[in-house]
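Reviewing the structure listed below.
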Amino acid sequence: MHTGENIKEIRIERDMSRSKLAEAIEKNELFLKLVEDEGLEIEVSDLLKIASVLDTDVSTLIDGKGFHKKGVVVTRSDSRVRVERKRKLDYESLAPHYSGRHVEPFLVEIKESDTAEYSSHEGEEFHYVMTGVLKIIVDDKEYILEEGDSIYFDSSFPHALSAVSDKVKILAAIYNGASMMHMARSRKMGDLIQGAKIQKSVNIVIVIPNETAIEAVNRAIEELVVADAYIVGNPEDFPVEYKRYSNNYKLISVDSSLPDFEVRCAEKGVDLIKSGKGQMLMKGNINTAVFMKSILNKKSGIGTGRRLSLVSIFELPKLNRFIFLTDPGINTELTMKNDISTSKDIILNAIDVARSMGVSRPKVALLDANEKASEKIPSSIYAQQLTEMKWEDADVYGPLSYDLALYEESVRHKGITGNIVAGNADILIVPHLAGGNFLYKAWAMTMSADVANVVLGAKVPVIITSRSDSDMTKFLSLCASAVYSGYNPD
């Protein structure tokens, strides 16, 4: 069964008409008919919408098997899934429908006899030669394997496969105990990872890469979220970890002895984005102010005219939806210098991220101490003014307290009626950076909630990681940015 058939089957199980589902995902009925009956390819944002409307997960829509479903799964010969993992190798997954698996069994056909690409990753691999003669290099040692031979090795060693004979087919079992898919704590974050993995891999540009950036991108390369990475700076200073996937990295050299080295690197990174080489831009070991200045340069930058803002994506306990928090890390306050238009930029950025993650019409809560606007609290007056503005793709309301924004029980106790946002907010807008930062750290550190971060305001998503970020946060941030980069609002 293809994805469209799975959608149709679940829709019918939910007793939902095609027209109702089409309306819920803001598409016409013909589009959904083509998806269900003809196998029309569907965008990740639409898959996320459908999963939300049908109260299921993306894995179920794609594979017909639920998130973290365990037990016994039989894969028939006609239900294998072809996976394009390497340019010169064809991989056919033998267990595509077992969610959260630690072992990836593949049939692999080596297509070309010249030198294959090197790779390395945590874990172990087993290869059994079914037909042909295989050359495999592991940790700089060459092994020739004929039909019936096998090899087992530590896959953290750099390794490469190539064909000695015209046709080589092998059975490969790849174990990766640190695979991010089964480490996700929640269904929605699993959906985000799955969405990033199934869409076309994107390229990233890293300005003056540090170990934090390279480690995150290496993980994204392993998980098929990132195809190639352009790293800009002095190659002598690049972290050696990039060599694990040297075929996926493109080195862009900038002479570090020249004046304004960081400025030149930032400008080169922006130029690569403008030329279409990358769909995401990542900050490495470069001054944030220099990095941002090149992005926002009115003549040569990649700004959209909006303020840059950070949107953090959480899934919180007891709330079966993503919660988008902004801005907990860049803007010191929502309304700068009493200019309400700057507030709108931050809200629009958050709306765009939410829609790319499958929220058809986001409900936006402008947080404050309570739901009463007061001259004594200027931010509450701004919230009231923003509520009165016209919003095309979202419902915006404020001021609202934290409990009234998220929890329907609190709304009922308060006796509030007729407010579409209260108790059902998707997006929380904080009036000041401190409040957003408190919420972020309370959720991420105290509640151990997974989080993905996206910076918008440029023509591509910008990624800024911290050494204090967990490996999962770094990876989810790359996934969210990749999904956003493939989002088509039209």
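Data overview
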item: Any pair with Cβ under 6 angstrom, 6 or more apart, that starts in region 124-149 at a residue that is among the aromatic types (Phe, Trp, Tyr) and ends at one that is surrounded by 14 or more Cβ atoms within 10 Å (Cβ to Cβ); result: Phe126/Ala173; Tyr128/Leu171; Tyr143/Ile136
item: Long-range neighbours under 9 Å by Cβ, at least six apart or interchain, first residue farther than 22 Å from Arg355 by Cβ within region 34-46, second among the basic types (Lys, Arg); result: Glu36/Lys8; Glu36/Arg11; Glu36/Arg18; Asp37/Lys8
item: Meets criteria (assigned to a strand (DSSP E or B), modelled with pLDDT under 85 and at negative phi) for Glu104; result: yes
item: The listed residue being over 27 Å from Asp471 (Cα atoms), hydrophobic (A, V, I, L, M, F, W, C) and modelled with pLDDT under 75, out of Leu89, Leu161; result: Leu89
item: Number of the condition not met by Gly358 [criteria: (1) modelled with pLDDT under 90; (2) farther than 21 Å from Trp443 by Cβ]; result: (2)
item: Every pair of residues 6+ apart whose Cβ atoms lie under 7 Å, when the first sits in region 433-445 and is farther than 7 Å from Pro328 by Cα while the second is modelled with pLDDT under 95 and not hydrophobic (A, V, I, L, M, F, W, C); result: Leu439/Pro328
item: Tally, over region 447-476, of residues that are at positive phi and either of a type in the set (S, T, N, Q) or modelled with pLDDT under 90 (or both); result: 1
item: Filter result (of a type in the set (Val, Ile, Thr), buried (at least 18 other Cβ atoms within 10 Å of the Cβ) and not in a helix (DSSP H, G or I)) within region 348-389; result: Val359, Val364
item: Positions within region 10-33 being free of Cβ contacts under 8 Å to residues at least 12 places away in the same chain and either out of contact with any helix residue (DSSP H, G or I) (no Cβ under 7 Å at 6 or more places or on another chain) or of a type in the set (Phe, Trp, Tyr) (or both), in sequence order; result: Ile12, Glu13, Asp15, Ser17, Lys20, Glu23, Leu30, Phe31
item: Residue in region 225-235 that is surrounded by the fewest Cβ atoms within 10 Å (Cβ to Cβ), counting only those that are of a type outside the set (D, E, K, R) and closer than 15 Å to Ser246 by Cα; result: Pro235
item: Residue list for region 389-439, restricted to those being of a type in the set (Asp, Glu) and touching a Gly at 6+ places or on another chain (Cβ under 6 Å); result: Glu408
item: Test: residue in region 306-326 that is touching a strand residue (DSSP E or B) at 6+ places or on another chain (Cβ under 9 Å), crowded, with 22+ Cβ neighbours inside 10 Å and modelled with pLDDT under 90; result: yes
item: Check on Asp393, among the acidic types (Asp, Glu), closer than 24 Å to Ile340 by Cβ, at pLDDT below 95 and assigned by TED's automatic domain parsing to the domain that holds Leu334; result: yes
item: Matching residues in region 164-193 - criterion: being buried (at least 21 other Cβ atoms within 10 Å of the Cβ) and at pLDDT 90 or above; result: Val168, Ile170
item: Filtered residue count, region 249-265, keeping only those that are within 23 Å of the chain's Cα centre (by Cα) and surrounded by fewer than 20 Cβ atoms within 10 Å (Cβ to Cβ); result: 1
item: Test: residue in region 317-336 that is touching a Pro at 6+ places or on another chain (Cβ under 6 Å) and of a type in the set (A, V, I, L, M, F, W, C); result: yes
item: Some residue of region 205-224 being surrounded by fewer than 19 Cβ atoms within 10 Å (Cβ to Cβ), under 28 Å from Arg80 (Cβ atoms) and either modelled with pLDDT of 90 or more or aliphatic (A, V, I, L, M) (or both); result: yes
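For every residue, the table says whether it meets (1) assigned to a helix (DSSP H, G or I); (2) within 23 Å of Phe157 (Cβ to Cβ); (3) in contact with an Asp or Glu (Cβ under 6 Å, 6 or more places away or on another chain); (4) without any contact (Cβ under 8 Å) to a residue 12 or more places away in the chain.
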| residue | (1), (2), (3), (4) |
| --- | --- |
| Val205 | no, no, no, no |
| Asp228 | no, yes, no, no |
| Val232 | no, no, no, no |
| Arg264 | yes, no, no, yes |
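The values are calculated or read from the model by the stated rules, or taken from the named source; none is laboratory data. These figures come from a predicted structure and were not determined experimentally. With ideal geometry, Cβ positions are generated from the backbone for all residues, glycine too; neighbour counts draw on all protein chains shown.
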